Structures are given as structure tokens and as C-alpha cells.
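Taking it in order: structure first as C-alpha cells, then the write-up.
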Amino acid sequence: MRRLLPVFLVFASALVSACTVAPISSVPSGRNDPFSGAESRAAQQFTEVVHRVEPVAESQCHAFTRDGANCDFLIVVDDRPDETPNAFQTRDSQGRPVLAFNLALIREAQNADELAFVMGHEASHHILGHLDRVQEDAAIGAIIFSGIAAMTGADEASVRSAEEFGASVGARTFTKNYELEADELGTVITLRSGFDPIRGARFFERLPDPGNRFLGTHPPNSERIETVRRTAEAYRAGGGV
């Protein structure tokens, strides 16, 4: 069978955090500063979180990943107005891990603990290799579904459709597990940065609950909050903080 376009690569970038990778930019300064005026406190809070969480995330990255892994996080802000609160992890063209936040999320955070937890969570996606794992899951799904279609005598257009559908199914198969894994490690990063992850995870209480949908990308909010609580208690019981 002729190899078709690896569409699974498109799905992987979007599904790790269930966010569409959007154009991003560094936090501007001066007259174009998106945090000017009444939002200066939010800017200061975000800056403090970056200074405290980034070195801990990089330390955890070096501890968890193999030699040669890129642990030099680039933290950026999507400064487009009127966007819904969002954060995601991706990589730039040189393979450097990028943690992106938009202004709406920074404004919506009620305290530094929430920002710290979200940052630790997104950093954990990179540390745990979730982007690559989703790509692998999508590739397997694409191969299986397109192979079945080809064996049944489907034409090329149908095989391509089966490949795309298989990639989508494959990419979504384990994303709930990946989110919970990132919540666990993100809890540790948050604690080691001097913030409270349990207080930070209350951010979930203000989000629409995705429930436990088949092939959904995120687990129920209650399960995520419980994961954070359990991880924090275990870490503290072990003498972490």
C-alpha cells in the first residue's frame, strides 16, 4: 500500500493539552505591554511564578529525562485579545520546549498558586514526553485503521479517510492518562517551587467539567483534583515539604 500523508502529526500537537497551537510571542514591554494599567498586578504575579517555577521545572526535567534532552524552557505569552483562557506545551523549530499562556488565563487566575500549578502541569507534559507519545499513539491508530481499510478493498480516498480517523482515535486513546500524569508531576513541581498545588488545582472548579466521555481528551475535574490532593499528601508524608 502506498504510504499516505502522516496526518497523525497534526493531531498530536493539539491533543496533549487539548489546545490548538496558536501564534505566540514573548511578553512585550513599554507602550505595547498587554499587562499595562490595572493589570500590572497580574503581570507581577505571573513574573514571580515564572522566576520560581522555571528553575524547578528545568531541574525536574534533567532528573527525569535522558542525557541530551532539551530542558531549557521558553515561557511565552499569547497576547491576542478576546481569547478564552488557555495554556499549552509545544516545541519550537529547534526542539526547545515552549510553555505558552494567553492573557485571558493570566487574568483569570485568582492567585499565584493557580498559575504555578498550570505552569508545572504544562512543563510536565514535556518532561514526561507526552507530545512524542501522542504522536506514536496516533501513528499506530493511523496504520491500523488504514490497513484494515486497504485489506477490505477500499479505494485510496477511503483509505486516507480511515488513516485520518485512526490517527484521531489513536491520539485520543491515552490522553486522559497523560493529563493525570502531568497533574501528578505538576503537583511536585508546584510544591518544590513553594506554592500550594491543592489551592492551585481549584482552577479546575471554574472550568466546564469534561466528564468521562469516551475518547475525551481530559479526565473529569473531580478526578484531577483528587489526583493533586493525593500526590501532595504523599509527597509531604515522604518528607518532601
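Readers should treat all values here as calculations from the given coordinates under stated rules, not as data from a laboratory. Because the structure is predicted, anything quoted here is derived from the model rather than measured. As a convention, Cβ positions derive from the backbone with ideal geometry for all residues, glycine included, and neighbour counts pool all protein chains shown.
Counting only other residues whose beta carbon sits under 13 Å from that of THR227, what net charge do I get with K and R as +1, D and E as -1?
Values: positive: LYS176, ARG224, ARG229, ARG230; negative: GLU179, GLU181, ASP183, GLU184, GLU223, GLU226, GLU233.
Charge balance in the 13 Å sphere: -3.
Give me, ordered by chain and number, the residues 5 or more places off ASN102 or on other chains with an amide H under 5 Å from its own placed amide H.
Placed amide hydrogens put ASP78, ASN86 under 5 Å from ASN102.
Extent of region 74-132 along each principal axis, from alpha carbon coordinates, in Å, largest to smallest?
Per principal axis, max minus min of the Cα coordinates gives 31, 24, 15 Å.
Given that compact globular proteins tend to follow 2.2 N^0.38 Å, what is the ratio of the alpha-carbon Rg of region 49-90 to that value? Don't jump to the answer; show the numbers that get you there.
Details: Rg = 13.2 Å, N = 42, 2.2 N^0.38 = 9.1 Å.
The reported ratio for this selection is 1.45.
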